[in-house]
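The values are calculated or read from the model by the stated rules, or taken from the named source; none is laboratory data. Please read all numbers here as calculations on a predicted model, not as lab measurements. Reconstructed Cβ throughout: ideal geometry from the backbone, glycine too, with neighbour counts over all protein chains shown. Side chains included, ligands, DNA and RNA excluded: accessible areas come from the protein's heavy atoms. Shrake-Rupley method; radii C 1.70, N 1.55, O 1.52, S 1.80 Å.
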Amino acid sequence: MSFDFDQEISRLTTHALKFAARQNMFGTEDAQPMWVADMDFAAPEAVTNALIERARHPVYGYTLPPESVYESLICWMQQRHGWAIQRDWVLLTPGVVPSINATVLALTQPGEGVIAQSPVYAPFFSAATQTGRMLVLNPLRFDGQRYTFDFGHLESCATKARLLLLCSPHNPVGRVWRKDELEQILAIARRHDLTIISDEIHADLVYPEFHHHALASLAGDATNIVTAVAPSKTFNIPGLGLSALIVPDAERRRAIAQTLDMIHMSVGNPFSLAAFEAAYRAGAPWLTALLVYLRETRDEAARFLAEQLPQIRLVAPEATYLLWLDCRALGMNDAELKRFMTRDAKLGLSPGAQFGAQGAGFMRMNIAAPRHQVMAALQRLRDAVSTLG
Ligand SMILES: Cc1ncc(COP(=O)(O)O)c(C=O)c1O
């Protein structure tokens, strides 16, 4: 099977967020959009075929997720991640962010502490702040090359919290947490009776040198772990909105299901269900090819930056198609950096400060696009930096 990730597919006509919201986000339409975390590649053909097939039936009414959807997830988790999950543990939800928010609402009380480890995907902060919980920050440590957990500080945060939000693999810094790191997280959670929400949405986008461990698969009984997964990032179907929570503990599961019911969070979209199942059942060869392509792009970008743009340092991702760029040597504040990227380099990147104060001076660049476009972006960036004098 061959897949053409070099093919340019215009998304302008589909109201793609990363294009359509450029004016709002960057004040111009004239910036190559490398911000929103979706890909510019065609989804696996099996997904497209399943959607066409479903569209052929002309009634698009309320739909009950069939058992085959759950089975496709169970098989995927077993085959890709060696984690045997049970049908009863699964709650289908319309997205990972709403799942996290619903879980925070269900398992904590207003005012209770929720830990996030910054820099991190911004909805981790709002999951606490917008639900009236107390955001407790345990910033990651950065030694100039890689990020690690600050276990000592986490231990003190844990004394004032009920819940820990884990991003595994981590967006935006690209870490795939090692088994021993995750085991220390589990030990701290156990000591302080913390529930962990493990957001594993990027778990399938891990480069071959690294290995993702589903947190709950390391935990024995795993009663204090709620895992969020989805085929959305993996197979480039995030616009379809369907994900899963895996909750082995019956009591927590009941509480979360009650919250989902209360806000009538339904998963009856017949297209999402068809795409979810087709992706998990038949998407593996496409994913294998995608990871080879992304790795080559990542490596070519890394070489280019090292050789031609040493002022910007790449924190090389172990997972995800997101490059975390350390731009602090440019000596700009965040407003200046964003303006420089947008106006001078004509790039629409995610400002690092979006991911918390620890992201100041960084930029996140999405490389899930045809490689020649990514390299052209980097060349523009090099040329813009060279004019800074
Ligand atoms: C860590 C993480 N969680 C969740 C999401 C979004 O999930 P959803 O679109 O299913 O709400 C993203 C998207 O970038 C993400 O990076």
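With the requirement that a residue be out of contact with any Phe, Trp or Tyr (no Cβ under 9 Å at 6 or more places or on another chain) and open to solvent by 10 Å² or more (accessible area, probe 1.4 Å), what does the stretch 293-310 give you?
Glu296, Asp299, Glu300, Ala302, Arg303, Phe304, Ala306, Glu307, Gln308, Pro310
Please go through the stretch 357-383 and pick out each residue that is within 20 Å of Gly27 (Cβ to Cβ) and under 21 Å from the mean Cα position of the chain (by Cα).
Result: Met363, Arg364, Met365, Asn366.
Among the candidates Val292, Val315, single out the residue that is without any contact (Cβ under 8 Å) to a residue 40 or more places away in the chain and out of contact with any helix residue (DSSP H, G or I) (no Cβ under 8 Å at 6 or more places or on another chain).
Only one candidate passes the filter, namely Val292.
Please verify whether Ser217 is within 16 Å of the ligand (Cβ to nearest atom) and hydroxyl-bearing (Ser, Thr, Tyr), treating the condition exactly as stated.
Against the criterion (within 16 Å of the ligand (Cβ to nearest atom) and hydroxyl-bearing (Ser, Thr, Tyr)), Ser217 does not qualify.
Being touching a residue at least 60 places away in the same chain (Cβ under 8 Å), in the same structural domain as His212 (by TED's automatic domain parsing) and open to solvent by 10 Å² or more (accessible area, probe 1.4 Å) is true for just one of Leu73, Leu105. Which residue is that?
After applying the criteria, what remains is Leu105.
Among all residue pairs at least 6 apart or on different chains, which show Cβ distances below 7 Å where the first residue, located in the stretch 83-97, is closer than 14 Å to Pro231 by Cα and the second is open to solvent by 40 Å² or more (accessible area, probe 1.4 Å) and more than 8 Å from the ligand (Cβ to nearest atom)?
Short answer, once both residue conditions are applied: Thr93/Met265; Pro94/Met265.
Here is a list of conditions, (1) away from the ligand (no atom under 16 Å from the Cβ); (2) under 23 Å from His170 (Cα atoms); (3) open to solvent by 50 Å² or more (accessible area, probe 1.4 Å), and Pro110 meets all of them except one; can you say which number that is?
(2)
Let's see how each residue does on (1) part of a strand (DSSP E or B); (2) of a type outside the set (A, V, I, L, M, F, W, C); (3) within 16 Å of the ligand (Cβ to nearest atom):
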| position | (1), (2), (3) |
| --- | --- |
| Tyr293 | no, yes, no |
| Glu296 | no, yes, no |
| Arg303 | no, yes, no |
| Ala306 | no, no, no |
| Gln311 | no, yes, no |
| Leu314 | yes, no, no |
| Pro317 | no, yes, yes |
| Ala329 | no, no, no |
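Within the stretch 349-356, is there a residue that is under 24 Å from the mean Cα position of the chain (by Cα), in a loop (DSSP other than H, G, I, E, B) and at pLDDT 95 or above?
Scanning the stretch 349-356 turns up at least one residue that is under 24 Å from the mean Cα position of the chain (by Cα), in a loop (DSSP other than H, G, I, E, B) and at pLDDT 95 or above.
Scan the stretch 113-148 residue by residue and report those that are within 16 Å of the ligand (Cβ to nearest atom), open to solvent by 10 Å² or more (accessible area, probe 1.4 Å) and without any contact (Cβ under 8 Å) to a residue 60 or more places away in the chain.
Passing the criteria: Pro123, Ser126, Gln130, Thr131.
Show the residue pairs that are 6+ apart or on different chains and have beta-carbon atoms under 6 Å apart, the first residue being within the stretch 36-53 and farther than 17 Å from Val374 by Cβ and within 16 Å of the ligand (Cβ to nearest atom), the second being in a loop (DSSP other than H, G, I, E, B) and modelled with pLDDT of 95 or more.
Listed by first residue and then by second, the contacts come to Ala43/Phe235; Ala43/Asn236; Ala43/Ile237.
Working carefully through the options Ala84, Ala55, Ala43, Ala37, find the one that is small (Gly, Ala, Ser) and either open to solvent by 60 Å² or more (accessible area, probe 1.4 Å) or at pLDDT below 95 (or both).
Ala84
Yes or no: the stretch 251-270 includes at least one residue that is crowded, with 19+ Cβ neighbours inside 10 Å, over 27 Å from Ala222 (Cα atoms) and more than 13 Å from the ligand (Cβ to nearest atom).
No: the stretch 251-270 contains no residue that is crowded, with 19+ Cβ neighbours inside 10 Å, over 27 Å from Ala222 (Cα atoms) and more than 13 Å from the ligand (Cβ to nearest atom).
Does Tyr70 qualify as being aromatic (Phe, Trp, Tyr) and within 19 Å of the chain's Cα centre (by Cα)?
So Tyr70 does not fit the description; no.
In the stretch 280-299, is there at least one residue being of a type in the set (Asp, Glu), farther than 23 Å from Ile74 by Cα and modelled with pLDDT of 95 or more?
yes
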